[in-house]
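A.B. asks: Below: one structure in structure tokens.
The values are calculated or read from the model by the stated rules, or taken from the named source; none is laboratory data. A quick note: this is a predicted structure, and the numbers were derived from the prediction, not measured. Methodologically, a virtual Cβ is constructed for each residue, glycine included, from the backbone with ideal geometry; neighbour enumeration extends over all protein chains shown. Just the protein is used for accessible areas: all its heavy atoms, side chains included, with ligands, DNA and RNA removed. Shrake-Rupley method; radii C 1.70, N 1.55, O 1.52, S 1.80 Å.
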Amino acid sequence: MKHTFTTPIIDTIAEIRNRIRELKNKNLIIGFVPTMGALHAGHESLIEKARQECGAVIVSIFVNPTQFGPNEDFGKYPRQLEADREICSRHGVDLIFAPEPEQMYPQAAGPITTVVPPETFRNRLCGETRKGHFNGVATVVLKLFNIITPDRAYFGKKDAQQLLIIKKMVKDLDIPVEIAGCETVREPGGLACSSRNKYLTEEAGKKAASIYEALKTLEKQYNSGLDLASELISVSGRILHPDIEVEYFEAIDIENFQAVKKVQKGTLIAIAVKLGGVRLIDNIIID
Ligand code: AMP
């Protein structure tokens, strides 16, 4: 689609601060969508929501090294800044903040102050295998909040644990920003959109659709009267394609992050799997 506006890419903290000051001088409400780029329909839905609700929209694109473990995919995480700019321009994003790691973490600074979410939040689910991941996430999000100073920031419910940790950080540290949680956007077969879906072969993509099928099956079983978490998970786990290796599949109380014995309204059903070397996560909240 043709559009005349091209979103500027800003790569320094000093310059983005200048540009945001200009927007604030116009009394615009600042909406912020933090991302790691390789934008897809999930990101676009966040951007759209921000566009509808705010006078100015800032998207950050930063593959944050501190949230990747040593054996994870930091080096090969997809980077496509020009294609991302095209998407942002199409949605009328006012500014892209795309710093290099050196801008965010200058070598000369040495070790940096880190935000450490409570242990029960950071060490469960994804935190069990991704040690330090949520410290990295919370720290970079706080840095980005301090740089962008948004009125509202938009996060996807696909990363449920991340969303809950950010909400808690904002509350605990009195950060003056409103957090908006946005529904998970899915591919036609049901697989949650993710930048990592690019790594999947077509065949693996089809197998991966069974992740959402398993979640929907669990919900159906619950609606038909079953509420024992272990049973629900074992029955719906059989829906998963046999090539899928489950990292966790759990029923969680979102207040304290503990596993529940009985599923009820509001229970988070979260799953992480590996398929063909690609790590995928998904979840639903029972309603
Ligand atoms: P990422 O670039 O993966 O760090 O994601 C940036 C933001 O987009 C996070 O708030 C994610 O939760 C959100 N997001 C990622 N995938 C989806 C999706 N399928 N639907 C909705 N939001 C998403």
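A.B. asks: Ordering Ile286, Ile13 by how much accessible area each has at a 1.4 Å probe, largest first, what is the list?
C.D. replies: Solvent-accessible surface, decreasing: Ile13, Ile286.
A.B. asks: Would you mind computing, in nm to one decimal, how far apart the modelled labels at Arg196 and Glu213 are, each placed 7 Å from Cα along Cα→Cβ?
C.D. replies: Distance between the two pseudo-spin positions: 2.1 nm.
A.B. asks: Between Thr129 and Thr113, what is the spin-label point distance in nm, taking each point 7 Å from the Cα along the Cα→C-beta axis?
C.D. replies: 3.4
A.B. asks: How much mean residue ellipticity at 222 nm does the chain get from its helices, if each DSSP H run of length 4 or more adds -39500 (n - 2.57) and you divide by all residues, to the nearest 500 deg cm²/dmol? All intermediate terms of the calculation are to be shown ahead of the outcome.
C.D. replies: Details: 10 runs with 108 residues, N = 287.
Per the formula, -11500 deg cm²/dmol.
A.B. asks: Next question. Would you calculate the separation in nanometres between label points at Ile9 and Ile254, each defined as 7 Å from the Cα along the Cα-to-beta-carbon direction?
C.D. replies: 3.5
A.B. asks: Please give the contour-minus-distance gain from Lys265 to Lys206: 0.36 nm per residue of separation, less the Cα-Cα distance, rounded to one decimal in nm.
C.D. replies: Numbers: separation 59, 0.36 × 59 = 21.24 nm, distance 3.00 nm.
Difference between extended and current length: 18.2 nm.
A.B. asks: In addition: Given the peptides 252-259, 104-111, 31-38, arrange them by the average over their residues of other C-beta atoms within 10 Å, most packed first. Please report the intermediate quantities before stating the final value.
C.D. replies: Details: 252-259: 14.9, 104-111: 10.4, 31-38: 24.0.
Ranking, from highest mean packing down: 31-38, 252-259, 104-111.
A.B. asks: Counting only protein chains, not ligands or nucleic acids, how are Lys216, Lys76 ordered by accessible area (probe 1.4 Å), most first? Before the final figure, lay out the partial values.
C.D. replies: Working: Lys216 80, Lys76 135 Å².
Correct descending sequence by accessible area is Lys76, Lys216.
A.B. asks: Please build a GNM for the chain, connecting alpha carbons under 10 Å apart, and tell me which residue among Glu44, Glu22, Glu100 fluctuates the most.
C.D. replies: Its mean-square fluctuation being the largest, the pick is Glu22.
A.B. asks: For segment 105-165, just say rounded, prolate or oblate: build the C-alpha gyration tensor, square-root its eigenvalues into a ≥ b ≥ c, call rounded for a/c under 1.5, and beyond that prolate if a/b exceeds b/c, oblate if not.
C.D. replies: Values: a/c = 2.43, a/b = 1.15, b/c = 2.11.
Cα axes put segment 105-165 in the oblate bin.
A.B. asks: For Arg79, what accessible surface area do you get with a 1.4 Å probe? Give it in Å², rounded to 10.
C.D. replies: Here the accessible area works out near 130 Å².
A.B. asks: With an 8 Å cut-off on Cα pairs and a minimum separation of 6 or more residues, tell me the relative contact order of the chain in percent.
C.D. replies: Relative contact order of the chain: 17 percent.
A.B. asks: Taking 0.36 nm per residue of sequence separation and subtracting the Cα-Cα distance, how much length would be gained by fully extending the chain between Glu178 and Leu28, in nm to one decimal? Mind dumping the intermediate values first?
C.D. replies: Working: separation 150, 0.36 × 150 = 54.00 nm, distance 1.52 nm.
Residue separation times 0.36 nm, minus the Cα-Cα distance, leaves 52.5 nm.
A.B. asks: Output the pairs from Lys76/Lys157; Lys168/Lys206; Lys76/Lys265; Lys49/Lys262; Lys171/Lys216; Lys157/Lys274 with a Cα-Cα distance over 30 Å in this structure; if there are none, say none.
C.D. replies: Lys168/Lys206; Lys76/Lys265; Lys49/Lys262; Lys171/Lys216
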